[in-house]
Amino acid sequence: MSLITKKGEGKSDFKSEDLEAYPSEMSCLTAFDDLFQCYSVVGQFRNVYRYGEIDYCNSQLEKFKFCLKNSINSEDIKKRNIQLFYKEKLMMKKQEGSSEDIWKLREI
């Protein structure tokens, strides 16, 4: 992920008005809870049941690590980094596709 580390540095293709639609706050405690839930027996059982494989919890771990690293920044940089994090995460999710790409819409 490309994040802003200092004032004035970062990706130029991200406009500030584009980022306003994304959350600007992130709780490290919530990120840790999500990671712990994923690693739990119930979380792993749910993933095996739904997808047929064990989840290595990469997205939850990435979010928790990001939150810890971002917590040392100033408030304005922290806010922008969080918005960039959520924007890039959404862009990656859209690239993966969904089950809606497979099914055809039927009209009655």
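I need the full set of residues from the stretch 51-73 which are more than 11 Å from the chain's Cα centre (by Cα) and either among the β-branched types (Val, Ile, Thr) or surrounded by 10 or more Cβ atoms within 10 Å (Cβ to Cβ) (or both), in order please.
Scanning the stretch 51-73 gives Ile54, Asp55, Tyr56, Cys57, Lys65, Leu68, Lys69, Asn70, Ser71, Ile72, Asn73.
Which of (1) under 17 Å from Asp18 (Cβ atoms); (2) not in a helix (DSSP H, G or I) is the odd one out, the single condition Asp55 does not satisfy?
(1)
Kindly list, by first and then second residue, each pair from a residue in the stretch 86-99 that is within 22 Å of Ala31 (Cα to Cα) to a residue that is among the aliphatic types (A, V, I, L, M) and surrounded by 10 or more Cβ atoms within 10 Å (Cβ to Cβ), limited to pairs with Cβ atoms under 7 Å and residues at least 6 apart or on different chains.
Once the first residue is within 22 Å of Ala31 (Cα to Cα) and sits in the stretch 86-99, its partners that are among the aliphatic types (A, V, I, L, M) and surrounded by 10 or more Cβ atoms within 10 Å (Cβ to Cβ) give Lys87/Leu19; Glu88/Met1.
Which of the residues belonging to the stretch 43-58 are touching a residue at least 12 places away in the same chain (Cβ under 8 Å) and not hydrophobic (A, V, I, L, M, F, W, C)?
Passing the criteria: Gly43, Asp55.
Within the stretch 38-77, count every residue that is under 19 Å from Cys28 (Cα atoms) and either touching a Ser or Thr at 6+ places or on another chain (Cβ under 7 Å) or among the β-branched types (Val, Ile, Thr) (or both).
So the answer is 2.
With Gln44, Gln95 as the choices, which residue is assigned to a helix (DSSP H, G or I), surrounded by 13 or more Cβ atoms within 10 Å (Cβ to Cβ) and out of contact with any His (no Cβ under 9 Å at 6 or more places or on another chain)?
Gln44
Quick note: the coordinates plus some simple rules give every number you see, no bench work behind them. Quantities reported herein were computed from a predicted structural model and do not represent experimental measurements. Every residue, glycine among them, receives a Cβ derived from its backbone with ideal geometry; neighbour counts consider all protein chains shown.
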